[in-house]
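*Asks:* Dropping the structure in here first, questions after.
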Amino acid sequence: MAFDIEMIRNVYKTMGERINKARTLTGKPLTLAEKILYSHLDEGMPTQVYTRGKSYVDFKPDRIACQDATAQMALLQFMQAGKPKVAVPTTVHCDHLIQAKQGAKQDLKRANETSSEVFNFLESVSNKYGIGFWKPGAGIIHQVVIENYAFPGGMMIGTDSHTVNAGGLGMVAVGVGGADAVDVMAGMPWELKFPKLIGVKLTGKLNGWTASKDVILKVAGILTVKGGTGAIVEYFGEGARNLSCTGKGTICNMGAEIGATTSTFGYDEAMERFLRATDRNDIADEANKIKEHLTGDPEVYAEPEKYFDQVIEIDLSTLRPHLNGPFTPDLATPVGELGEKARKNDWPLKVDWGLIGSCTNSSYEDLTRAASIAQQAIDKKLKPKSDFGINPGSEQIRFTAERDGLLSVFENLGATIFTNACGPCIGQWDRSDALGDKKNTIVHSFNRNFSKRADGNPNTHAFVGSPEMVAAIAISGKLDFDPMNDTLINEDGQEVKLDEPKGLELPPEGFDVDDNGYLAPIEDGSSVEVKVSKESERLQLLEPFKPWDGKNITGAKLLIKAFGKCTTDHISMAGPWLRYRGHLDNISNNTLIGAVNAFNKQTNMIKNQLTGEYGGVPDTARAYKKEGIPTIVVGDHNYGEGSSREHAAMQPRHLGVIAVLVKSFARIHETNLKKQGMLGLTFANEADYDKIQEDDTFDFIDLVDFAPDKPLTILVKHADGTEDTIIANHTYNDSQIQWFKEGSALNLIKKENAK
Ligand code: SF4
């Protein structure tokens, strides 16, 4: 059994008392999100009221999940912490590194060959530190989590944006960067700004062609890709109870596309049915005992405007199926209206591919509804006009779907069944109809449809829809096909119409699986040796960063003064660099190559003060490092916005950058810099940014007195012999100053551990 029922019982044991205390403190009824947040405080029993959108709070999550691309650096860091085991139940899932090409069998074999080094590393680290390991082919992280680990009222974090999928089973589940996950693995709290709350009231019942996916496609259209930022979206109402558990998962999954911290639903009978169907009767029994704590208070749902920061209402009975896109998931269009819009915008009407799967839509219900359309095509002699690809969400689903004849329906229609993995959803797709960069259209049931996301082609117009709508559109081969009103001509020349999809919430004969792909860690992993070859280009064991020598830093050179936007993508690009996510030195060769040099407005072209020559940022940084000269990065506003990836802090640190001095920081990046033992500083006077010149050298005057709330003084020496004194603010507290002194947060954990 993969889940830990004792852990869940412990969570439930204290939940009621903590919720009651929070209700007393806040003096009001609570939403579900508030109940979960207040019952997962690191301090245990709540002692104060937190302000939504303002207070930073330490939480104690119940679980952690990592996927293979992000787990590499997270686990390499955890190895530095000197802990024998992870402090919180953790799993690793191999799903991102498997390319879809010929079909499951061949693709998995190829991935096991090309990425064996990474998979073996993840497996042995997992075994050593008590982490559950899901082999390549076992399934997509979020589908495996909802089938095995998610539980109502729980809190989890995961090193992937779509960790939020577990909200479908009533969790507060949040995607985080590797450094946050490592802290929790090492027993430290997890900090989050107390979120705002958006309530979505669902009334009515889905019918006909409309699916759960259409709820979130509609919500995305209303809120846009930024509308959920810093908020938890809580769904409630009779309509919510009418949705299946995995349908709720789909809705929560795409909450990431509106920028929401996470989304969640209250515990109900659909969740109970799903728990029992996935062999978790114990959890369902325990959840039933504390039902009232696993959903929002009735007063909240009766007067939502009073208790949520924003309320949206959707009537499922009248909701129409949507296709969102292209290039952004919030461009929502009801299916019948897409043709006109496409013609106006010159989007190709011919659809080349229909792809079903991803962590968003690969449940048993999804496959049955899509298969009911596929079967009609066979029965009504319709030959699909587009290619079909299917990625089942997990081996349990694939095995059950094969047993129940669902996969053969798709195969009879000429579909390729890819591995139970991310595949085309993360650009791991070698398209058989390689079109170069030709303009084309695909439809898929995934969550993201940004340019180049699926196949690397900026001219692929990707539209997001429900699996059944994707099936219908792919059969017709036309983006403007409306299965509710349009007919198709079959092989006999007859006009036929597709009937409404039919699906099954859960397999009538239960789920089944031969080998689910799970490897439990051994009890005592102390003798397990984690091997990383010195020759490896993809993995590198980390060396602890050097502690501060206790002296004022002097003679630091300006590495780059970044102009304008400098996001984590500018600091550590993704794309082909993903391959080196587990090798700090190799991935450091992309450090700041996207940042614009303020002096010549070029990217990756900066002055080496030692030679006077211009060159790339990583090479120049390495040249200073070789001479033992520390460097400084200067930046504009909101420096480090974007993702929470810790590489954006670790790489500059690795290349010898000691301080980042900017007008303002994106907070997560600022914290990441602190964790890696760097100085994250802001200009006390923003105009001082303009004083920084290309040949500047920096002396820290009073770093020896580094203390909370006390700005630092920096003497900036210009090449012409003049000097400026700059005051730099910081937000370091005592323990964060300790991180700086020790060289990194991990060094400190290790030191304390050794005591
Ligand atoms: Fe991310 Fe897509 Fe994989 Fe889901 S299926 S985890 S969205 S890459």
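The values are calculated or read from the model by the stated rules, or taken from the named source; none is laboratory data. Keep in mind that this is a model prediction, so the values were computed, not measured. All Cβ positions, glycine included, derive from the backbone under ideal geometry; neighbour counts span all protein chains shown.
*Asks:* Looking at region 230-256, which of its residues are within 16 Å of the ligand (Cβ to nearest atom) and more than 20 Å from Leu316 (Cβ to Cβ)?
*Replies:* The answer is Ala256, and nothing else.
*Asks:* From Glu272, Glu234, Glu238, which residue is farther than 27 Å from Leu479 by Cβ and either crowded, with 24+ Cβ neighbours inside 10 Å or of a type in the set (Ser, Thr, Tyr) (or both)?
*Replies:* After ruling out the rest, the residue left standing is Glu234.
*Asks:* Quick check, is Pro321 within 16 Å of the ligand (Cβ to nearest atom), in contact with an Asp or Glu (Cβ under 6 Å, 6 or more places away or on another chain) and closer than 25 Å to Glu468 by Cα?
*Replies:* no
*Asks:* Filter region 74-103 for residues that are away from the ligand (no atom under 12 Å from the Cβ) and within 17 Å of Ile141 (Cα to Cα) and give the result.
*Replies:* Ala74, Leu75, Pro89, Thr90, Thr91, Val92, Gln99
*Asks:* Here's a follow-up. Filter region 328-381 down to residues that are among the aromatic types (Phe, Trp, Tyr) and touching a Leu at 6+ places or on another chain (Cβ under 8 Å) and give me whichever is farthest from the ligand (Cβ to nearest atom).
*Replies:* Initial filter on region 328-381 (among the aromatic types (Phe, Trp, Tyr)): 347, 353, 364.
Remaining after also requiring touching a Leu at 6+ places or on another chain (Cβ under 8 Å): 347, 364.
Working: Trp347: 23, Tyr364: 17 Å.
Selected residue: Trp347.
*Asks:* Pick out the one residue from Gly259, Gly221, Gly227 that is within 16 Å of the ligand (Cβ to nearest atom) and surrounded by fewer than 23 Cβ atoms within 10 Å (Cβ to Cβ).
*Replies:* Gly259
*Asks:* Across region 154-171, which residue is farthest from Ser644 (Cα to Cα) among those that are more than 16 Å from the ligand (Cβ to nearest atom) and among the small types (Gly, Ala, Ser)?
*Replies:* Here the residue is Gly170.
*Asks:* Oh, and also: Among the helices (runs of 4 or more DSSP H) contained in region 239-346, which hold 2 or more residues that are among the charged types (D, E, K, R) and closer than 21 Å to His142 by Cα?
*Replies:* Per the criteria, 269-277.
*Asks:* Please find, within region 1-31, the residue that is surrounded by the most Cβ atoms within 10 Å (Cβ to Cβ) out of those that are more than 23 Å from Ala284 (Cα to Cα) and among the aliphatic types (A, V, I, L, M).
*Replies:* My answer is Ala22.
*Asks:* Could you please let me know if Met45 is away from the ligand (no atom under 16 Å from the Cβ) and in a helix (DSSP H, G or I)?
*Replies:* Numbers: away from the ligand (no atom under 16 Å from the Cβ): yes; in a helix (DSSP H, G or I): no.
Considered against the rule, which asks whether it is away from the ligand (no atom under 16 Å from the Cβ) and in a helix (DSSP H, G or I), Met45 comes out as no.
*Asks:* Quick test for you: out of Asp695, Asp699, pick the one residue that is surrounded by fewer than 15 Cβ atoms within 10 Å (Cβ to Cβ) and either more than 28 Å from the chain's Cα centre (by Cα) or not in a loop (DSSP other than H, G, I, E, B) (or both).
*Replies:* When all the criteria are applied, what remains is Asp695.
*Asks:* Next up: Any idea which residue in region 434-451 is farthest from the chain's Cα centre (by Cα), counting only those that are surrounded by 15 or more Cβ atoms within 10 Å (Cβ to Cβ) and away from the ligand (no atom under 14 Å from the Cβ)?
*Replies:* Asn440
*Asks:* Go through (1) surrounded by 20 or more Cβ atoms within 10 Å (Cβ to Cβ); (2) in contact with a helix residue (DSSP H, G or I) (Cβ under 8 Å, 6 or more places away or on another chain); (3) over 17 Å from Ala745 (Cα atoms) for Lys663 and report which single condition fails.
*Replies:* (1)
*Asks:* Does Phe511 meet the test of being surrounded by 12 or more Cβ atoms within 10 Å (Cβ to Cβ) and outside the structural domain of Gly354 (by TED's automatic domain parsing)?
*Replies:* Judged against the criteria, Phe511 is a match.
*Asks:* Continuing with this model, one more query. Only one of Phe133, Phe151 is more than 15 Å from the ligand (Cβ to nearest atom) and crowded, with 24+ Cβ neighbours inside 10 Å; which?
*Replies:* Phe151
*Asks:* For region 416-431, which positions are of a type in the set (A, V, I, L, M) and more than 11 Å from the ligand (Cβ to nearest atom)?
*Replies:* Just the residues of region 416-431 that are of a type in the set (A, V, I, L, M), to begin with: 417, 421, 426.
Ile417, the sole residue that qualifies.
*Asks:* Determine, yes or no, whether Glu646 is surrounded by fewer than 24 Cβ atoms within 10 Å (Cβ to Cβ), of a type outside the set (Lys, Arg) and within 24 Å of Thr229 (Cα to Cα).
*Replies:* Taking the combined requirement at face value, the residue does not satisfy it.
*Asks:* Among the residues of region 63-78, is there at least one that is closer than 27 Å to Glu17 by Cβ, surrounded by 21 or more Cβ atoms within 10 Å (Cβ to Cβ), touching a residue at least 12 places away in the same chain (Cβ under 8 Å) and under 23 Å from the mean Cα position of the chain (by Cα)?
*Replies:* The answer is yes; a qualifying residue exists.
*Asks:* For region 176-203, give me each residue that is modelled with pLDDT under 95 and within 16 Å of the ligand (Cβ to nearest atom).
*Replies:* Those that are modelled with pLDDT under 95 and within 16 Å of the ligand (Cβ to nearest atom): Val176, Gly177, Gly178.
*Asks:* Would you say Gly16 is outside any helix (DSSP H, G or I) and of a type outside the set (Ser, Thr, Tyr)?
*Replies:* No, not satisfied.
*Asks:* Hey, any hits in region 606-628 for a residue that's under 26 Å from Thr731 (Cβ atoms) and surrounded by fewer than 23 Cβ atoms within 10 Å (Cβ to Cβ)?
*Replies:* Checked region 606-628: no residue is under 26 Å from Thr731 (Cβ atoms) and surrounded by fewer than 23 Cβ atoms within 10 Å (Cβ to Cβ).
*Asks:* Oh, and also: Could you say which residue among Ala719, Ala754, Ala745 is in contact (Cβ under 8 Å) with a residue 24 or more places away in the chain, touching a Gly at 6+ places or on another chain (Cβ under 8 Å) and exposed (fewer than 13 other Cβ atoms within 10 Å of the Cβ)? It would help to see each step written out before you state the result.
*Replies:* Details: Ala719 fails: touching a Gly at 6+ places or on another chain (Cβ under 8 Å); Ala745 fails: exposed (fewer than 13 other Cβ atoms within 10 Å of the Cβ).
Being in contact (Cβ under 8 Å) with a residue 24 or more places away in the chain, touching a Gly at 6+ places or on another chain (Cβ under 8 Å) and exposed (fewer than 13 other Cβ atoms within 10 Å of the Cβ) holds for just one of Ala719, Ala754, Ala745, which is Ala754.
*Asks:* Checking the conditions here, which among Ser451, Ser466, Ser445 is over 21 Å from Ile251 (Cβ atoms) and among the small types (Gly, Ala, Ser)? Full working, then the answer.
*Replies:* Numbers: Ser466 fails: over 21 Å from Ile251 (Cβ atoms); Ser445 fails: over 21 Å from Ile251 (Cβ atoms).
Going through Ser451, Ser466, Ser445 in turn, the sole match is Ser451.
*Asks:* Same structure again: Among the candidates Thr229, Thr246, Thr264, single out the residue that is over 13 Å from His162 (Cβ atoms) and at pLDDT below 95.
*Replies:* Values: Thr246 fails: at pLDDT below 95; Thr264 fails: at pLDDT below 95.
Just one listed residue meets the conditions, Thr229.
*Asks:* So, one more: Can you tell me which residues in region 454-499 are surrounded by 19 or more Cβ atoms within 10 Å (Cβ to Cβ) and of a type in the set (S, T, N, Q)?
*Replies:* Asn457, Thr460, Ser466, Ser476
*Asks:* Okay, moving on. Does at least one position in region 106-117 carry a residue that is of a type in the set (Lys, Arg), free of Cβ contacts under 8 Å to residues at least 60 places away in the same chain and either out of contact with any Lys or Arg (no Cβ under 6 Å at 6 or more places or on another chain) or more than 16 Å from the ligand (Cβ to nearest atom) (or both)? Let's see the steps before the verdict.
*Replies:* Let us first name the residues in region 106-117 that are of a type in the set (Lys, Arg), namely 109-110.
Subsequent filtering for residues that are free of Cβ contacts under 8 Å to residues at least 60 places away in the same chain retains 109-110.
Checking the rest, the ones that are also either out of contact with any Lys or Arg (no Cβ under 6 Å at 6 or more places or on another chain) or more than 16 Å from the ligand (Cβ to nearest atom) (or both) come to 109-110.
Yes: region 106-117 contains one or more residues that are of a type in the set (Lys, Arg), free of Cβ contacts under 8 Å to residues at least 60 places away in the same chain and either out of contact with any Lys or Arg (no Cβ under 6 Å at 6 or more places or on another chain) or more than 16 Å from the ligand (Cβ to nearest atom) (or both).
*Asks:* Would you mind listing the helices (runs of 4 or more DSSP H) fully within region 546-660 where at least 1 residues are over 26 Å from the mean Cα position of the chain (by Cα)?
*Replies:* 617-626
*Asks:* What about Lys193, is it touching a Phe, Trp or Tyr at 6+ places or on another chain (Cβ under 6 Å) and more than 30 Å from Asp486 (Cβ to Cβ)?
*Replies:* yes
*Asks:* For region 399-415, state whether one or more residues are within 16 Å of the ligand (Cβ to nearest atom), in contact with a strand residue (DSSP E or B) (Cβ under 6 Å, 6 or more places away or on another chain) and in contact (Cβ under 8 Å) with a residue 12 or more places away in the chain.
*Replies:* no
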